[in-house]
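Read the structure below first, then the notes.
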C-alpha cells in the first residue's frame, strides 16, 4: 500500500558504480484491467561516500517523475542530469492510499571515470535571477560550501555561451557554476576531487565561459596538485598552466591541461580569476587506475631561521679536531696536490699511446673514396635523389618527439601513456605508423619549424623556445628566385676517413663547368596522372589484398534518370548532376552520374570498370556511396550519392562564422543576412571528413585530391567525401598543369611535397591534404591556400623539403577562428618526414575530444 509519504520502495543493487541515463516503469499487466500502477514516483540513489540516500532532482528542481496512466503502456523518463550510483530506489508516490505494482528498467553503463565526489565553494547568484550555483549537487551543502557529492561539473552537459539564455528550458545560467571575484581578493577558486583509487592522470579538460563583454572570462592561471591521502599536497609536484587571454571570440571553449601522467587519489584544482566573473560548466579527467605505490604523506617541516643559519655556517666551517693543527691540514693539502700533478703526465702518455695504436691499425683507403664526379653535366630527377633523413638530434628539441601528436611524452613513459595505447594501429598496415618507443635513425625528422615537443607541453601547447617563425604572408607577393640544384661530390672526407688515413687524398676544387644545367622546382615537378577517364580523381591502392568483393550494386534503368546539369568532363567521359526516381531501393533525389563516352577504347573501358570495382568496396557514412550501374548498353554509367547543399567550399562561402555573426546588431539582422556556422559546427564537419578518411586509410586507399571542393554537404551538416572537383571548370584554377599537359593536373596547393615533386602518394600525403582542408574550413573558404604565391612559387616553397631544409618552408597562417592546439595539430600534418605525420584515427580522436558536448546547432 502506497501513501503520500512514500515509505515503500523497490531497491536495485547495481553491484558497482554505474551511470544511469534513462529509466522505464510499467504497472502490472492485467490486460488493461485494474489500477495497480504508480502515477508518480521518486528516485533515490546511493554510492560510497554519500552520508545518506539522496533523492534525485532534475534540472528544474523537481523530485517527482512521471509514472503510468494505465497498466499496458510503459513510461520512459530521460534523466538529465544522469545518475551515478551503486544502488537505486524507486519510491512510488500517491496522493491517496492505493495498491501499486511496478516493473522497472534502467539504462546506462559502468562508470569508469573513478571520480567519487568533488568539494568546492558553491557558486554565486548574479543579478537578474541568474543562479550560477551547482543546482544538482547531491552531496552536503553547509555555509556556502559543497562537499561529499557530484553535480553539474560532472554531468556531461555543457552550457550555452550566453549564460543569460535559457537554452535548455531549465532557467537562465543553468549548467554554469560561477564565482564573483569581488569578495575573494586574489584567492583562487579551489576544487578538490576524490577518486576511488590511485590513478594516473594524463589530461584535464575544463569547459569555461569567455563572455568577456559581460565581465566573464576564462581563468588566467590554473594550478593542479596531487595527493595520495588527501591531507598533504606538497609531496608530489604540481602542474602549472597559464591561459592566453582571448579578447576576440566570446564563445565558450574547452581548455585542456596536460597532467604528464601524474599519480594520486586526490586532485586539487586552483583557478585564478581573470575578470570579475569566472564560470565553468564541465571538468573531466583522462585517467586510468595506477598500480603504483606512493610514499606516505608527511607534513612539511618548518625549520626556524636561526637553526638554518647555524647549520649552514657549520657546513661551511672546516672540520678540524682538537688534536689537529692548521699546519698539519695545510701539509696534507699540499701532498694531495702533488699526487694530482704527478698523474697528469701519466694520463697524457696513455692517450698518446692509444692514438699510435689506432693509426697503425688503420686500413688502406678504399678505391671508392676517390673523387669520380663527372663534371660535364649535372642532371637530376626527383626519384633519383635520396634525401638524408639521418640527422643528428637538434639542440632545440625538434627531433625528440618522433611523431607524437600530443606533446611531450618521455621515451620511458610512453608505455604508461593512457592516451595512445588503446589506439595503436595495426603494424601490418603500411598506412599506419605507431608510436614506437625506440625509433631507428631513419625515422628522425627533417628540420622543421614545428616544435615536436616541449618540456611543459599542453595538448599542442605553445613551445617555450626561441624558434624563428616563417615569414608572414604579407611580405611574400612573388615567388623566390630559382634555386640552382647541383650535385655534391660523390664522396667527401668524413671523421672516419680522417682517422683511418693520416694523409687523405685532397679533394680538388669544382669549377662550374660550362655545360652544367640547373633545375628549378617547376622543372622537377613529377608528371602524375591522377585523373580518371571521366575527369574526376581516381583512388590509388597501396594494398590490393585488402579489397574484398564489395557490396552488391544494382543495375539501373536509364528511364529513371533525368539530367539536370553537367558538372564537368574528361577525355573519355562526363560527370553529370541528375535527378533520379525510385532507384536502388526506392531512392529518389539528386545523384551524380559518371558516364563513359560511346565508342571508348577497350583499355579505357577496363579503367572505368576498375574504378567501379574500387568504389563498390567503399561503404562508409562519410563517403559518397555507389548506388547503381548501367552496364547493359552504352554509354556505361555509375550512379553515386549527391547531397542537397552541394560542395563544402561553396557552402562555407555562403555562411559566416559565429564570431562574425555576433558583431552585427539585432536591428540590422534581416532575411538577407547569411546564415551562421558555429565553431563547434566547423569542428563537427572536420570530424566527419577525418572519419571518412580513416575508413579509406583502413582500406589502404589513397584519395589524392582531398579538399573542401571534394566534400559534399547535406542536411544536419552531414558530410560525404566525393571526387568530382577535378572535372569541374569552376575549380580549374586550383590545379596546376605540368608543361601544359592536358591530363597532368595536380592540386599542388593541397599536395604533400613528396607527391608534387616525387610523384609519391600514400595515406600520409592525404594527411597533408587534410591539414590544408581543415585550414579551408576554419577560414570559411574565404582564401585559396597560399593565395599570395603563384603556382611556381608554391613549388619553390615545397622544394625546401626536397632539399632537406624544412625550416625554410612557409606554412599557412593560423586562421582567426583556430585555437592554438588545433593549429598545432594542423601543422603536424605538414611535417616534411611523412612518418612524423599523425594517422587519421589519431586526428579523428583529437578533434572529437576537442568537440565534446557539441549538440547540433545548425538548422536550415
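The residue list 164, 172, 199, 141 contains one member that is crowded, with 20+ Cβ neighbours inside 10 Å and at negative phi, which is 199. Checking the structure you have, find out if any residue of region 220-237 is at pLDDT 90 or above, outside any strand (DSSP E or B) and crowded, with 20+ Cβ neighbours inside 10 Å. Taking every residue of region 220-237 in turn, none turns out to be at pLDDT 90 or above, outside any strand (DSSP E or B) and crowded, with 20+ Cβ neighbours inside 10 Å. With respect to the conditions (1) in a loop (DSSP other than H, G, I, E, B); (2) more than 28 Å from the chain's Cα centre (by Cα); (3) in contact (Cβ under 8 Å) with a residue 40 or more places away in the chain, residue 592 lacks only one, and its number is (1). Any residue at all in region 644-652 that's over 16 Å from residue 840 (Cβ atoms), at pLDDT 90 or above, touching a strand residue (DSSP E or B) at 6+ places or on another chain (Cβ under 6 Å) and surrounded by fewer than 18 Cβ atoms within 10 Å (Cβ to Cβ)? Yes, that holds for at least one residue. Residue 780 meets each of the listed conditions (1) without any contact (Cβ under 8 Å) to a residue 60 or more places away in the chain; (2) under 23 Å from the mean Cα position of the chain (by Cα) apart from (1). Here residue 687 meets the list (1) surrounded by fewer than 23 Cβ atoms within 10 Å (Cβ to Cβ); (2) in contact with a strand residue (DSSP E or B) (Cβ under 6 Å, 6 or more places away or on another chain); (3) modelled with pLDDT of 90 or more; (4) not in a loop (DSSP other than H, G, I, E, B) almost entirely, failing just condition (2). Quick check on region 656-665. Is at least one of its residues in a helix (DSSP H, G or I), at pLDDT below 90 and in contact with a helix residue (DSSP H, G or I) (Cβ under 7 Å, 6 or more places away or on another chain)? Looking for residues that are in a helix (DSSP H, G or I), at pLDDT below 90 and in contact with a helix residue (DSSP H, G or I) (Cβ under 7 Å, 6 or more places away or on another chain), one finds at least one in region 656-665, hence yes. Of the numbered conditions (1) farther than 17 Å from residue 281 by Cβ; (2) in contact (Cβ under 8 Å) with a residue 40 or more places away in the chain, residue 157 satisfies every one except a single condition; which is it? The single condition residue 157 does not satisfy is (1).
Condition check: at pLDDT 90 or above, within 23 Å of residue 144 (Cα to Cα) and touching a strand residue (DSSP E or B) at 6+ places or on another chain (Cβ under 9 Å). Does residue 267 satisfy that? Yes; evaluated as a whole, the condition is true for this residue. For region 201-212, the criterion of being closer than 30 Å to residue 44 by Cβ and in contact (Cβ under 8 Å) with a residue 24 or more places away in the chain is met by at least one residue. Within the option set 831, 849, 860, 835, being assigned to a helix (DSSP H, G or I), modelled with pLDDT under 95, more than 12 Å from the chain's Cα centre (by Cα) and not assigned by TED's automatic domain parsing to the domain that holds residue 207 holds for one residue only, 835. Tallying residues that are assigned to a helix (DSSP H, G or I) and surrounded by fewer than 20 Cβ atoms within 10 Å (Cβ to Cβ) within region 797-815 yields 2.
Number of residues in region 734-778 that are more than 27 Å from residue 683 (Cα to Cα) and surrounded by fewer than 24 Cβ atoms within 10 Å (Cβ to Cβ) equals 15. Being surrounded by fewer than 16 Cβ atoms within 10 Å (Cβ to Cβ) and either in a strand (DSSP E or B) or modelled with pLDDT under 85 (or both) is a property that holds for residue 190.
Being within 30 Å of residue 239 (Cα to Cα) and at pLDDT 55 or above is the requirement here; does residue 303 meet it? Step through it out loud before you land on a result.
Values: within 30 Å of residue 239 (Cα to Cα): yes; at pLDDT 55 or above: no.
When the stated conditions are applied, residue 303 does not pass them.
Checking each residue in region 103-117 for being under 28 Å from the mean Cα position of the chain (by Cα) and buried (at least 20 other Cβ atoms within 10 Å of the Cβ) picks out 111, 115. Looking only at residues of region 81-98 that are at pLDDT 85 or above and surrounded by fewer than 18 Cβ atoms within 10 Å (Cβ to Cβ), we find that the one that is farthest from residue 2 (Cα to Cα) is 86. Meeting the requirement of 2 or more residues that are in contact with a strand residue (DSSP E or B) (Cβ under 8 Å, 6 or more places away or on another chain), the strands (runs of 3 or more DSSP E) wholly within region 58-169 are 75-93, 103-110, 115-121, 145-149.
The values are calculated or read from the model by the stated rules, or taken from the named source; none is laboratory data. Here the structure is a predicted model, which means the values were calculated and not measured. Note: ideal-geometry Cβ built from the backbone for every residue, glycine included; neighbour counts use all protein chains shown.
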